[in-house]
Each structure stands twice: as C-alpha cells, then as structure tokens.
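Below is one structure, written out as structure tokens; comments come after it.
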Amino acid sequence: MSEKIINDFSITVATVNGSGSQTANTVLLRALFKMGIPVSGKNLFPSNIQGQPTWYTIRVNKDGFTARRDEHEIVVTMNPASFARDLESVQPGGVFFYADDIKTPITRGDISIYPMPVKQLIKGADVSPKLLDYIANMVYVGILAHILAIPLDKIREALMVHFKGKEKAVDSNFITIKSSAEWAAQNLKKSDSFYVEPMDKTSGLIMADGNTAAALGAIYGGVQFVAWYPITPASSLAETMNEYLPQLRKNADGKNTYAVLQAEDELAAVGMTIGAGWAGLRSMTSTSGPGLSLMTEYAGLAYYAETPIVIWDVQRIGPSTGMPTRTSQGDLNLAYFMGHGDTNQVILLPGSVSECFEFGWRAFDIAERLQTPVFVLIDLDYGMNQWMTEPFQYPDAPMDRGKLLWEEELNNLAGNWGRYRDVDGDAITYRTLPGNKHPAAAWFARGTGHDENAKYSEDARTWEKNMARLARKYDTARQYVPKAVIEDDGNEVGILAYGSVIPAVEEARILLQQAKGPKTDFLRLRALPCTPEVQEFVKKHKRIYCVEANRDGQLKQILTIAMPTEAAKFRYAGHSDGLPLTAAWVKNAILSQEVE
Amino acid sequence: MATPAPAPAAPLGLRQTNRAGMTKNDYKGAPSTLCQGCGHNSIANQIIAACYEMDIVPEEIMKFSGIGCASKSPTYFLNRSFGFNGLHGRMPSLATGALFGDTSLEAIGVSGDGDTASIGMGQFKHLVRRNAPMLYIVENNGVYGLTKGQFSATAEVGLSLKHQGTNPYMPVDICMEALVSNATFVARSFAGDPKQVKDLIKAGIAHHGIAVLDIVSPCVTFNNQVNAFHSYTWGKDHEAPLHEISFIPALDEIMLADEFEPGTVREVTLHDGSQVILKKLEKDYDPTDRWQALHMLEEAQRENWLTTGLIYVDTSRPALTDLYNLPATPLNRLTEAELRPGRESLDKINADMA
C-alpha cells in the first residue's frame with residue numbers, strides 16, 4: 001500500500017434516480033463537514049422522477065477548495081446500468097465500491113475493489129418493504145465510513161441534522177449504517193490509501209443550499225408576498241418559504257404577515273408580484289430561465305411603471321427545456337435587458353450561499369429604494385447543492401422602504417406631489433400606496449406614456465424626458481447595489497467572475513502560479529450596473545479574463561458595452577456544458593490565451 | 001311588521017353629497033377618448049353613479065384593466081382611486097397580487113372581450129376559480145376596436161365585418177366560462193340598459209368574491225350592424241331580462257313585504273348585508289342554482305337570446321384573501337418590527353445548519 005492520502009480526494013456515488021440516495025449522500029457530506037474537513041457536494045442528476053442513473057460527487061479537500069473536479073478517486077456504484085462507466089471513471093490507484101448483486105465483470109487491476117453485500121445487509125432492517133431501497137443506500141455510508149475512518153458518531157450527528165432531530169428516523173437509518181460498518185470491519189481488508197482525519201477547518205461555518213439561504217434571507221427581509229410557479233431548479237426556494245414562514249412570520253395574534261400563492265404560470269406569477277409590489281408589499285417571485293422568458297413583458301412594464309419587485313432566477317442550461325437539471329449562467333443578458341424598448345434592469349449576483357441570504361433581504365431594500373425590479377441571479381449549483389458557508393448574518397441595516405408618502409406626509413405637502421416628479425434630483429420619485437386615504441394620494445400606474453403626475457400622455461418631449469430620468473435612475477442604482485469584492489496586488493492580469501464559478505476561479509489562480517502562469521488579481525462582481533471600482537479595476541489591468549458558465553461570455557459582452565474604450569482588454573475564459581466549472585479548466589483557458 | 005324606511009336619498013346632482021360627504025364630481029374621471037356613443041362610456045357613467053350611490057370613498061377603490069378600448073376606460077372614472085393599467089390579458093394576475101396590499105379596499109377591473117376571452121382567457125379563469133374579491137366587468141363588443149375592427153373570440157359565428165370577411169368560429173360565452181370555473185357571481189347586462197347595469201355593478205361590488213359582469217357594449221364604429229349580436233338595435237330588440245333588479249344597500253334596509261306581492265320577488269343577501277331584489281318576470285329563475293344557470297345559458301345560446309340579469313350567485317364561499325389568515329392591519333402598513341423576525345430565531349437556524 002502506498003503512502004496515505006488524507007483529506008484530499010473526490011468521491012462519486014452512482015445510484016438510481018428516485019432511490020433515496022440523496023439522504024445517504026448529504027449525510028456523508030455533513031459527517032465529513034462535522035469532522036472539520038472542508039467538503040463540497042454536487043448532485044449531478046437527470047431530469048427524471050425515477051429510474052435514470054444519477055451521480056453525487058463529494059470533494060474532500062484539506063486546503064478548502066470546493067470546486068468540482070473531473071477526477072474521482074473513490075467511486076461507489078449501486079446502479080447496474082452505469083456500472084461499466086463508473087468502473088472506468090476511477091482514477092488509477094483509486095477505489096471502487098459496488099453492490100455485489102451486480103454481476104458485471106471487474107476489468108481493472110489498478111484500483112482497490114470492495115464488494116458490498118447490500119441485499120444481505122438490509123435483510124434485518126426494521127423498515128417497511130417500500131423503504132428497503134432507501135435503506136440500501138445506508139449500506140455504502142456504513143462501509144465507506146469504515147474504510148475511510150469516518151467516526152460513526154459524526155454520521156449520527158449528520159443524520160440528526162438531516163431528519164431535524166427526529167430520533168426514530170435517525171435510528172432506523174443508523175442501525176443499517178452501523179451494521180454495515182461492522183460488517184466491513186470484519187470482512188474487508190483495507191487495500192487503498194485514502195483516509196479522512198479530523199481537522200478544524202469548518203468550525204464557525206454552516207452547511208446549506210442557496211435556495212434555502214435565499215428564502216430565509218427574503219423572510220428576514222420582510223417578504224410579504226410571494227407568487228411562484230414550479231420549475232427546476234427554483235422550486236425549493238418557494239417551498240422553503242412555505243416551510244419557514246409559518247414559524248417565523250406570525251404576529252402576536254397568530255396572524256400571517258405574508259401570503260404565498262402558487263400561480264397558474266410564470267406570466268401570472270410575475271403579474272401578481274407586480275400587483276403586490278405596486279400595492280406596497282415586499283413582493284417576490286422565483287423562477288428559472290423558461291419562466292424568466294415568460295416574465296419579460298411584465299418586467300418591462302415594472303421597469304417603466306417603476307414598481308419594486310424582486311425576481312430570483314435560479315439558472316439552468318438552455319433555451320426551452322434545455323437540460324433542466326444542469327447548471328449555467330446563461331440568463332445574464334436576458335435579465336440585464338429584460339423588457340422590450342429601452343430597459344436596464346438591476347441585477348444582484350450573490351457569490352456564496354451566505355450571500356444568497358444577505359441579498360435575499362437586501363434585494364427588497366434596493367428594489368423599494370430604486371422603485372424598480374431587482375433580479376437576483378444564482379444557478380442550480382448554488383441553489384440546489386449544499387455548500388459550506390459563513391453563518392447567515394442578521395441584517396445590519398434597518399429596512400429601507402424608499403420614498404413613500406402616507407397621509408401625514410401628503411398633509412405636510414398640502415397634497416402637492418407628482419408620482420413621477422424628480423424633486424430630489426436623484427431620479428427617484430415619490431410614491432403612494434393603495435389604501436392611502438388622502439384625497440390627493442391616488443395615481444394611475446400604466447405602461448402607456450405618462451407625465452410627472454402619472455397622467456396619460458403621448459407628448460414626445462414628456463416621453464423622452466421620462467425615459468432620460470429612468471436612465472439617470474439606473475446611474476443612481478450604482479450607489480445602492482453591492483460593491484465588487486477586489487483582490488488587487490498590482491498584477492497585469494485581472495479575472496472577473498460572479499456566482500458559482502468563484503470556487504473554480506479561486507483555485508485556478510493558484511494552479512496558474514503552480515503552472516508558471518501569470519499572477520492574477522480578482523474582482524468578484526456582485527451587481528449590475530457596475531459600481532465605480534469595477535471600471536477602475538478594468539482600467540488598471542492589461543488583460544481581463546471573464547470567467548462564466550455560458551457559451552458567449554455574457555458578462556464580457558455587457559462590460560464591452562459599458563466600457564467601450566476598454567473593450568479590447570476583455571477575454572473570455574468560460575464554457576457551458578451543464579456541469580459546474582473545474583479549476584483545471586479555468587486555468588487552462590487562461591493559460592492558453594496567455595501564451596498566444 | 002315594518003321598520004320605518006329611512007328618508008329616500010336626495011335626488012342626485014353635482015352639488016349634493018352622499019353619506020361619504022362626496023359629490024358626484026369626486027367620482028369622475030378624465031374626459032373619455034373613446035368613440036362618441038361607445039357603450040363603454042355609458043358603463044363608465046354607471047360605475048360613477050354606482051360608487052357615488054353606494055357612498056364608497058374613492059380612495060378606497062382600486063381600478064384595474066388590461067389592454068384595449070375597455071381597458072382604457074378606468075381613466076374615465078374614479079380619478080381619486082388608485083389604478084393600474086396592466087398588460088393585455090394579464091390584469092387578473094396584477095389585481096390578484098394587489099388585493100393583498102390592503103384587503104379593506106374594493107376592487108373593480110374593466111376588461112374587454114379580446115382582453116378576457118382571447119389573450120387573457122387563462123388568467124381570467126384562474127382569477128375566477130380563486131374567487132378573488134373584485135368586480136370584473138367585461139365590456140363585450142365582439143370586436144377589436146383599437147386595432148381597427150378584427151373579430152374577437154366572442155364574435156358570433158357567421159358575423160361579417162367590413163375588412164374581415166365572415167367569422168368562421170364559434171364564440172366564447174364569458175358567463176359560461178365563468179360559471180364552469182366556479183365563479184361565485186355571474187351576471188350579464190346590456191350597455192343600453194343603464195339601470196340594470198348600475199344595479200348589477202352595485203351588487204357586484206357588494207359581493208364578497210369574484211363578480212363577473214359581462215356587459216354587451218356595442219362598438220358603434222366597427223360592429224353595430226342591425227343584425228349583429230353586439231349591436232344596440234339587436235340588443236334592444238332581443239334583450240330578455242331574467243328579472244327586474246333592484247339593489248338595496250345594507251344601510252337602506254326595507255321590508256320587502258311592503259313593496260312587493262308575495263311570491264313575486266327573490267332576495268339575495270350579500271356579504272355586507274345589502275340585498276339584491278330580483279323581481280320575477282315571465283318565469284321563476286333561481287340564481288343560486290348552478291345547474292339552472294348553466295341550463296339557461298345553454299338555452300340562450302341555442303335560441304340566440306340576449307338574456308340579462310343576475311345569472312348565478314353563491315355567497316357562501318370564502319374569497320381568496322380570506323384564506324390567508326391575514327392581520328386586521330393592512331399588510332402594506334405593517335412595520336419592520338412586525339416583518340423582520342428576531343435575531344435569536346436566526347441564531348437557532350444557523351445552529352441547526354452547523
């Protein structure tokens with residue numbers, strides 16, 4: 001046996017979709033996390049309810065890198081259909097676990113092989129027959145725990161988190177895990193080099209998915225109205241709200257301070273959201289690309305009528321159905337220009353799961369301050385996968401409800417106000433809400449041409465003046481959106497990225513140096529329109545690589561338009577195949593353009 | 001046994017005020033830009049009259065519309081009410097969201113036959129099935145006016161229009177669509193019958209839930225041929241009211257026995273205590289019987305009748321916003337203290353995820 005490899009490898013588990021393996025995989029992930037070892041987990045699943053092959057990959061990395069790798073040192077397969085491909089995928093010197101009822105011949109001699117008598121080990125399980133398949137996944141948890149040296153008490157702690165402290169569910173799973181680990185201790189001789197050892201690199205962190213973080217952020221942001229329509233990978237965002245809102249948002253009389261409505265489609269979901277936003281509620285919807293497309297016309301109206309709403313887009317890949325369970329950052333251009341005519345939308349780009357929480361509440365402050373739609377773009381990788389992340393920080397600022405006039409303020413103004421009158425010079429005007437009883441309160445929101453008093457107008461000058469104000473308002477937005485996060489050591493090369501590609505970029509920067517490539521500075525973009533420091537960063541650097549998970553380099557396109565004099569500096573280093581980017585790919589993409 | 005009826009309301013006039021202290025002027029809108037003689041203008045006037053007579057403060061009404069001639073008309077009534085003119089066919093969703101802002105407000109939506117029965121059919125039917133508390137008026141003329149006279153989905157089969165030829169398709173019956181979508185209030189009227197229009201508007205506002213009011217409102221420019229279903233002449237000749245309608249607000253309680261002979265009227269008491277009095281005409285029609293309502297609509301379609309009146313009403317079902325356990329204070333007046341959970345709750349969530 002060669003030298004021990006500790007806390008630095010990837011595990012891939014191959015199962016059948018719908019067999020309940022998600023519990024087993026997240027329990028493994030969290031047990032490692034609870035050992036203090038940096039981990040990341042990614043569910044690479046098909047668009048299917050039950051029966052198709054599905055893979056879950058866990059990266060264990062002592063240095064804290066969490067990007068996906070293409071290589072897997074340890075592969076577990078429970079699925080006859082993917083057996084040959086799974087066996088082939090193990091790195092030389094790696095490990096292969098398989099359910100021993102699969103009779104496919106083993107064709108490799110360069111890896112360690114462990115058969116698992118799954119059927120035998122679940123015989124004694126105290127569960128109903130329909131849960132047997134589900135319990136079968138606990139067998140590999142137990143055997144893997146023994147071979148890799150994951151303490152069983154950590155597994156039990158992870159089960160407690162998964163089943164929210166329900167002892168009975170925990171025990172029925174744990175019994176199988178324990179007996180499987182015991183079986184492995186008695187029957188398997190360790191022939192591989194892979195081990196886990198406790199560390200202290202996850203203390204103070206939590207493990208959560210982005211959709212949950214976004215939902216909770218919105219709840220702490222005082223969300224009052226949610227309209228949504230089911231779509232992968234966004235559904236769990238709204239569903240998580242339904243889970244937490246009843247616990248967190250009842251008033252002293254037990255009444256709900258919110259309403260959640262499942263709409264008939266995304267056309268209606270966004271319409272409802274805009275109606276509620278106009279009526280003064282903190283209002284949001286959550287969707288993915290196809291739904292976003294359907295929301296386009298209403299998003300344009302909300303921009304023009306100046307209605308605050310929040311739209312979460314958990315991106316997946318492709319037009320139409322595309323690959324609905326695969327990730328991408330392909331909606332940036334659509335969201336940025338969303339609406340016909342002249343439109344610019346405000347976009348927030350969380351760069352971690354913890355930031356999904358933060359932008360969850362902040363998005364409402366920004367939307368109500370600017371009286372405009374705010375889009376928050378994440379993707380399937382953030383939205384549906386579990387990530388180590390900083391704990392959710394309680395909002396550090398009071399709610400900003402923006403420029404609102406109630407009865408008292410209108411009295412003070414003697415009723416002299418205009419809905420679209422720019423009295424402060426920041427292009428943001430004052431608004432009143434339905435229910436305001438002042439006789440001068442009411443105004444008529446419309447997509448038709450309107451003057452400063454919201455009256456119908458087809459006057460050319462009035463139209464142009466209003467549109468110019470909206471353009472100025474987009475400038476004002478730069479003061480209110482999150483600033484970029486910059487690491488600048490004065491290098492020639494800068495990298496610009498946002499969202500779930502960030503872990504790959506962070507690792508790639510180190511890989512680049514190891515490969516004698518360029519030292520790089522890094523700007524993590526968190527919003528559009530760009531804040532001033534983005535322009536400074538671009539000006540300072542000779543070459544700027546935009547790393548994105550889309551085909552066309554959509555951020556590069558937007559920046560090229562925004563900074564035409566710098567356009568030649570921008571290079572594209574991304575790709576889009578539905579899988580999260582790897583650090584190796586990013587490194588190579590940059591390196592190949594550096595040597596040209 | 002008679003309770004004394006209050007003194008009859010003073011005759012309407014611009015200087016008079018209603019019990020809300022408003023003059024009729026307070027309910028007016030901008031001058032209409034629709035065609036002279038358009039049925040929609042007459043309906044706008046009846047909305048003004050109904051709201052004035054019901055003593056509703058204009059600030060306590062929200063107006064909604066989609067796109068089209070009918071949808072332009074909210075500009076022409078209730079200037080002092082909040083309004084939102086949304087997208088074509090998608091006023092229902094806009095209104096649905098807005099209804100949650102302050103549930104004490106009344107809501108009136110005005111749509112057209114294109115806006116409701118073509119592009120907006122889906123949203124219309126979902127608004128109806130959710131029983132959103134609002135009066136939803138369809139100003140139905142069988143034709144697209146602003147785009148110069150194309151057929152709409154309610155145009156009768158065989159209708160010939162100047163530049164369009166002959167309509168080959170069967171029409172959509174908006175009342176039927178509402179009824180099969182479980183509407184709790186379905187009525188039909190004719191813009192040429194202002195008294196009935198006004199009473200049905202009042203009843204629709206008083207109804208707690210969706211009130212669909214399909215008003216045949218002739219397009220004097222594009223679809224007013226003597227033989228067209230949606231014309232003044234045809235409507236006047238063929239209107240067959242189910243009953244004579246009177247609307248009695250809750251405050252004006254009267255004893256019916258004093259005014260009507262026994263057996264000649266049917267009363268429907270609405271959520272706010274007001275009553276719709278339906279005076280029997282030829283046959284006894286029971287608007288609380290959904291089966292009879294469907295039968296009547298089918299019969300009217302076969303016989304080519306313009307049957308008007310209160311077709312169906314069910315006062316027992318909760319309205320959309322009743323289903324949400326909302327506080328007495330309007331949601332849009334809640335403060336940060338009520339909307340942002342405490343810090344400890346987040347500490348616990350973080351601890352559970354550690």
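The values are calculated or read from the model by the stated rules, or taken from the named source; none is laboratory data. This structure is a prediction, so every number in the text was calculated from the model and none was measured. Quick reminder, even Gly has a Cβ in these numbers, built from the backbone with ideal geometry, and neighbours come from all protein chains shown.
Kindly check whether there is at least one residue in region B:316-336 that is over 27 Å from the mean Cα position of the chain (by Cα), within 14 Å of chain A (Cβ to nearest Cβ) and loosely packed, with under 13 Cβ neighbours inside 10 Å.
yes
For residue A:441, which of the numbered conditions (1) under 26 Å from residue A:524 (Cα atoms); (2) within 14 Å of chain B (Cβ to nearest Cβ); (3) assigned to a loop (DSSP other than H, G, I, E, B) fails to hold?
In the conditions (1) under 26 Å from residue A:524 (Cα atoms); (2) within 14 Å of chain B (Cβ to nearest Cβ); (3) assigned to a loop (DSSP other than H, G, I, E, B), residue A:441 misses (1) alone.
So for region B:141-156 (the condition being away from chain A (no Cβ under 14 Å), surrounded by fewer than 24 Cβ atoms within 10 Å (Cβ to Cβ) and under 22 Å from residue B:308 (Cα atoms)), does at least one residue qualify?
yes
Restricting to region A:171-216, count the residues that are without any contact (Cβ under 8 Å) to a residue 24 or more places away in the chain and farther than 25 Å from residue A:95 by Cα.
1
Anything in region A:442-468 that is over 27 Å from residue A:411 (Cα atoms), under 41 Å from the mean Cα position of the chain (by Cα) and not polar (S, T, N, Q)? List them, or say none. Break it down stepwise before answering.
Just the residues of region A:442-468 that are over 27 Å from residue A:411 (Cα atoms), to begin with: A:447-449, A:457-465, A:467-468.
Still in the list and also under 41 Å from the mean Cα position of the chain (by Cα): A:447-449, A:463-465, A:467-468.
Within region A:442-468, A:447, A:449, A:463, A:464, A:465, A:467, A:468 qualify.
Across region A:279-300, what is the total count of residues that are in a helix (DSSP H, G or I), surrounded by 24 or more Cβ atoms within 10 Å (Cβ to Cβ) and not small (Gly, Ala, Ser)?
Residues that pass the stated criteria total 2.
Looking only at region A:541-551, decide whether some residue is farther than 15 Å from residue A:505 by Cα, touching a helix residue (DSSP H, G or I) at 6+ places or on another chain (Cβ under 8 Å), part of a loop (DSSP other than H, G, I, E, B) and charged (D, E, K, R).
Yes, there is a match, as at least one residue in region A:541-551 is farther than 15 Å from residue A:505 by Cα, touching a helix residue (DSSP H, G or I) at 6+ places or on another chain (Cβ under 8 Å), part of a loop (DSSP other than H, G, I, E, B) and charged (D, E, K, R).
Could you list all residues from region B:279-315 that are of a type in the set (Lys, Arg) and either surrounded by 13 or more Cβ atoms within 10 Å (Cβ to Cβ) or closer than 21 Å to residue B:171 by Cα (or both)?
Going through region B:279-315, the residues of a type in the set (Lys, Arg) turn out to be B:279-280, B:283, B:290, B:302.
Of everything in region B:279-315, those that are of a type in the set (Lys, Arg) and either surrounded by 13 or more Cβ atoms within 10 Å (Cβ to Cβ) or closer than 21 Å to residue B:171 by Cα (or both) turn out to be B:279, B:280, B:290, B:302.
May I ask you to list the residues in region A:58-98 that are more than 30 Å from residue A:200 (Cα to Cα) and crowded, with 22+ Cβ neighbours inside 10 Å?
A:77, A:78, A:79, A:86, A:98
Go through the residues of region A:210-220 one by one and say whether even a single one is facing chain B (nearest Cβ under 7 Å), part of a strand (DSSP E or B) and more than 21 Å from residue B:94 (Cα to Cα).
There is no residue in region A:210-220 that is facing chain B (nearest Cβ under 7 Å), part of a strand (DSSP E or B) and more than 21 Å from residue B:94 (Cα to Cα).
Are any residues in region A:330-381 assigned to a strand (DSSP E or B) and farther than 21 Å from residue A:238 by Cβ, and if so, which ones? Even if it seems obvious, please write down each step before you answer.
So the first thing to find is which residues in region A:330-381 are assigned to a strand (DSSP E or B), and the list is A:346-348, A:373-379.
The answer is A:346, and nothing else.
Looking only at region A:445-504, count every residue that is without any contact (Cβ under 8 Å) to a residue 60 or more places away in the chain, assigned to a strand (DSSP E or B), surrounded by fewer than 20 Cβ atoms within 10 Å (Cβ to Cβ) and out of contact with any Asp or Glu (no Cβ under 9 Å at 6 or more places or on another chain) and tell me the total.
In the first step, residues of region A:445-504 are kept if they are without any contact (Cβ under 8 Å) to a residue 60 or more places away in the chain; the result is A:448-466, A:468-469, A:472, A:475, A:478-479, A:483-484, A:486-492, A:494, A:497.
From what's left, assigned to a strand (DSSP E or B): A:450, A:456, A:486-487, A:494, A:497.
Among the residues that remain, those that are also surrounded by fewer than 20 Cβ atoms within 10 Å (Cβ to Cβ) are: A:456, A:486-487.
Filter again for out of contact with any Asp or Glu (no Cβ under 9 Å at 6 or more places or on another chain), leaving A:456.
Matching residues across region A:445-504 total 1.
Restricting the first residue to region B:91-116 and requiring it to be more than 7 Å from chain A (Cβ to nearest Cβ), which pairs with a second residue that is surrounded by fewer than 24 Cβ atoms within 10 Å (Cβ to Cβ) and modelled with pLDDT under 95 meet a Cβ separation below 7 Å and a spacing of at least six or different chains?
Between residues of region B:91-116 that are more than 7 Å from chain A (Cβ to nearest Cβ) and residues that are surrounded by fewer than 24 Cβ atoms within 10 Å (Cβ to Cβ) and modelled with pLDDT under 95, the close pairs are B:113/B:153; B:114/B:144.
Look through A:434, A:439 and report the one residue that is outside the structural domain of residue A:365 (by TED's automatic domain parsing) and surrounded by fewer than 16 Cβ atoms within 10 Å (Cβ to Cβ).
A:439
Just to confirm my filter: which strands (runs of 3 or more DSSP E) fall fully inside region A:1-105 and include at least 1 residues that are among the acidic types (Asp, Glu) and touching a residue at least 40 places away in the same chain (Cβ under 8 Å)?
Working: elements: A:8-16, A:39-44, A:53-61, A:72-77, A:90-99.
Answer list for region A:1-105: A:8-16, A:72-77.
Quick one: count up the residues across region A:382-422 that are over 15 Å from the mean Cα position of the chain (by Cα) and not in a loop (DSSP other than H, G, I, E, B). Talk me through it step by step, then tell me what you get.
Taking region A:382-422 as the starting set, the residues that turn out to be over 15 Å from the mean Cα position of the chain (by Cα) are A:391, A:393-422.
Subsequent filtering for residues that are not in a loop (DSSP other than H, G, I, E, B) retains A:404, A:407-412.
Qualifying residue count, region A:382-422: 7.
Output the residues belonging to region A:241-260 that are outside any helix (DSSP H, G or I) and more than 7 Å from chain B (Cβ to nearest Cβ).
A:250, A:252, A:254, A:258, A:260
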